[in-house]
Amino acid sequence: MGSITLQKVSKVFGEAKVIPSIDLDIKDGEFVVFVGPSGCGKSTLLRLIAGLEDVSGGKIVIDGRDATEKAPSERGLAMVFQSYALYPHMSVRNNIAFPLKMAGIDKAEIDRKVSDAARVLNLTDYLERKPRQLSGGQRQRVAIGRAIVRQPSAFLFDEPLSNLDAALRVNMRLEISELHQQLKTTMVYVTHDQVEAMTMADKIVVLNRGNIEQVGSPLELYSRPRNLFVAGFIGSPKMNFITGQHAAALNAHTIGVRPEHVSVSTTEGLWKGEASVTEHLGSDTFIHVRTEAAGLMTVRVLGETDIRAGEMVYLTPDTARIHRFNEKGVTN
Ligand code: ADP
Ligand code: MG
């Protein structure tokens, strides 16, 4: 139950080859996140899996059966979108029950499934309210409830948290992770936010221009990015990239080092530069340094620092954590 396999799946809109060719295995029970910049084809790929778009080529296998030609309703999947698409005149109860009523399920079973979903989602006290009487987070939970009662073999989420404010997004992120631990149902989750991908996924699929750049666990992508795109996309603040003689000294065309793997000193170090901006987050400080040898670099220091903008400093990378890229931008 809940495995999804894509074999040479492609999608063309008119002249535009939005998905050239994708092969991917999603295991039963996995939490898989598709992440990539806006317009890279994440929603298109999810809609192909859901059956809301027809493939231009290739095959989609769900639970071991060819689903390529199946209608969305026959695929056993449930989709949750950024816009909640709730019925404003219906109570929370009836919104959640709606797909079951449409399927002609008997009332006692509907009631049981709705109460179960409401309990899992902390909506029990809100069942008689209308959507307008709920917060954004509660509305999104109702939309998820409507997906849960169908007992799909996989949930497909398309940027479900984008409409929520930052604090609520963090809450809902945890709630969806907890939900996955309880239900153990396959989840395929689309986001442009690498923090959501890193915190929620068992497996991240990094997409760029409709191609898969890398598939791996969050820490694999962080520690061993395969190319410059993944190295620059995963991690915040972004990895520093250095070209020229410092890269050549390490037999690379470009080297990369993350801000948390560079130490800063006022007396000695490898790269001299001027601290241009310091950002104080309390838990950490980001120091942006204009170096002569390596251009603008960002250093992350745990907690506070005495270094002020305008000061001369020296940076030293942790050599064990330097990433080397060849002339094709691939790790070597
Ligand atoms: P993402 O979700 O990663 O932001 P999308 O999958 O929505 O990206 O879009 C990928 C590309 O496909 C974009 O360039 C978009 O303009 C194009 N696209 C998406 N849907 C259609 C469509 N129905 N017709 C034509 N082009 C489309
Ligand atoms: Mg999208």
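The values are calculated or read from the model by the stated rules, or taken from the named source; none is laboratory data. Here the structure is a predicted model, which is why all the values come from computation and not from measurement. Positions of Cβ are generated from backbone atoms using ideal geometry, with glycine treated the same way; all protein chains shown enter the neighbour counts. Heavy atoms of the whole protein, side chains included, go into the accessibility calculation; ligands, DNA and RNA do not. Shrake-Rupley method; radii C 1.70, N 1.55, O 1.52, S 1.80 Å.
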query: So how tilted is helix 136-148 from the main axis of the chain? Cα-based, degrees 0 to 90, rounded to 10.
result: 60
- prompt: So, in nm, how far is label Ser223 from label Thr243 when the simple model puts each one 7 Å beyond its Cα toward the Cβ?
  reply: 3.0
- prompt: Pairing the Cα long axis of helix 107-120 with the longest principal axis of the chain, what angle in degrees results, from 0 to 90 and rounded to the nearest 10?
  reply: 20
message: Averaging the inverse of every distinct alpha carbon separation and then flipping it gives the Kirkwood radius. What is it for the range 122-178, in angstrom units?
response: 12.2
- prompt: Using the alpha-carbon atoms, what tilt in degrees (0 to 90, nearest 10) does helix 166-183 show relative to the longest principal axis of the chain?
  reply: 60
task: Please give the calculated 222 nm ellipticity per residue for the chain, where each DSSP H segment of at least 4 residues contributes -39500 (n - 2.57) and the sum is spread over every residue; nearest 500 deg cm²/dmol?
output: -7500 deg cm²/dmol
query: For the chain, which whole percent of the accessible surface, found with a 1.4 angstrom probe, sits on carbon and sulfur atoms?
result: 49
message: For Cα pairs less than 8 Å apart in space and 6+ apart in sequence, what is the mean separation divided by the residue count of the chain, i.e. the relative contact order in percent?
response: 17
- request: Return one whole number: the accessible area per residue of the range 237-325 in Å², for a 1.4 Å probe.
  value: 51
task: Treating cross-link reach as a plain straight distance, find the aspartates and glutamates whose alpha-carbon is under 14 Å from the alpha-carbon of Lys27, omitting any fewer than eight places away in the same chain.
output: Asp63, Asp202
query: If you project the alpha carbons of the chain onto the principal axes, what extent comes out on each, in Å, largest first?
result: 76, 45, 33
message: Applying a 10 Å radius around every beta-carbon, put 132-141, 13-22, 153-162 in order of their mean neighbour count, most first.
response: 153-162, 132-141, 13-22
message: Just want to confirm a number: the relative contact order over the range 1-99, from Cα pairs under 8 angstrom separated by 6+ residues, in percent.
response: 27
query: Given the pairs Lys8/Lys101; Lys42/Lys101; Lys8/Lys70; Lys8/Lys203; Lys11/Lys328, which are separated by over 29 angstrom at their Cα positions?
result: Lys8/Lys101; Lys42/Lys101
field: If the convex hull is drawn through the Cα atoms of the range 237-325, its volume per residue in Å³
entry: 81
task: Work out how much length Ala167 to Met1 would gain on full extension: take 0.36 nm times their residue separation and subtract the Cα-Cα distance, in nm to one decimal.
output: 56.3 nm
statement: At 37 °C and 0.692 mPa s, the Stokes-Einstein diffusion coefficient in µm²/s for the range 73-201, with hydrodynamic radius from the Kirkwood sum on alpha carbon pairs, is 221
message: Rounded to two decimal places and with Rh computed the Kirkwood way over Cα pairs, what is Rg over Rh for the range 161-211?
response: 0.98
